[in-house]
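Okay, so here's the structure we're looking at.
The values are calculated or read from the model by the stated rules, or taken from the named source; none is laboratory data. Just so you know, these numbers come straight off a predicted model, no measurement behind them. Virtual Cβ from ideal backbone geometry, glycine too; neighbours counted across all protein chains shown.
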Amino acid sequence: MGAHEVDFSADIIPGESIAGFTILNQDYDDVRRSLETLDKNYYFQDNGDYLEVFSKIDQEYGNTDIIMNFFFNSEKKLDCINVFKTNNDNQYEGRILGKYGLGDKVIDLAEFGELERTSTGESFLLINNDNKYGLSVSNGLDVSLEEDPEQNIAVISVHCFS
């Protein structure tokens, strides 16, 4: 596959794709070549085992916002992509199955399946009818949805179905 542009508004499909990248379909070099085509508002860092995309919009206190990161398996195939809520307008705009995205309520995802809290307590897995998950969301809180149903999505992670 050749390089293509990162699609910051592509729908998020659990276990399959985000930002125009398909899990287990692209390898490290494919993703890196695509990131080389980013426009002037973004830059990326190659950390050897994973790739990170940042916003170039100036932040108060000099902070830089991470927009997304890409992780690869031992065969260098893409197996996880995370997108992050930022402190500026330069963030991922795609929606989970066309409906919910960064900043929306975690509880709203229950429309698509069961939400199961991970053992760390900071993330929620979206479990489908086959008892599999390919998407998790988090917000950095260690609070159940029963305790705080108003939690917002700060991170969306698409990975292989488990």
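Observations
- Between V83, V137, V158, the distinction of being in contact with a helix residue (DSSP H, G or I) (Cβ under 9 Å, 6 or more places away or on another chain) and under 18 Å from S9 (Cα atoms) belongs to V137 only.
- Looking only at region 132-144, residues that are in a loop (DSSP other than H, G, I, E, B) and either closer than 24 Å to T86 by Cβ or in contact (Cβ under 8 Å) with a residue 60 or more places away in the chain (or both) come to 6 in all.
- Scanning region 113-134 for residues that are closer than 13 Å to G15 by Cα and surrounded by 15 or more Cβ atoms within 10 Å (Cβ to Cβ) turns up L125, L126, I127, N128, K132, Y133, G134.
- For region 45-56, the criterion of being among the basic types (K, R) and over 21 Å from V137 (Cα atoms) is met by at least one residue.
- Residue match in region 76-99 (condition: small (G, A, S), within 21 Å of I23 (Cα to Cα), loosely packed, with under 14 Cβ neighbours inside 10 Å and out of contact with any Asp or Glu (no Cβ under 7 Å at 6 or more places or on another chain)): no
- Contact map, region 27-51: first residue assigned to a helix (DSSP H, G or I), second residue loosely packed, with under 15 Cβ neighbours inside 10 Å and of a type outside the set (G, A, S), Cβ cut-off under 8 Å, separation 6 or more or different chains; pairs are Y28/K76; D29/K76; D30/M1; R32/D46; S34/H4; S34/E5.
- The single condition from (1) within 17 Å of the chain's Cα centre (by Cα); (2) in a strand (DSSP E or B) that N87 fails is (2).
- Criterion applied to V6, V106, V31 was being within 29 Å of R117 (Cα to Cα), surrounded by 16 or more Cβ atoms within 10 Å (Cβ to Cβ) and either at pLDDT 95 or above or aliphatic (A, V, I, L, M) (or both), and the one residue passing it is V106.
- The set of residues in region 74-131 that are without any contact (Cβ under 8 Å) to a residue 60 or more places away in the chain, among the aliphatic types (A, V, I, L, M) and touching a Leu at 6+ places or on another chain (Cβ under 9 Å) comprises L78, V106, I107, L109, A110, L115, L125, I127.
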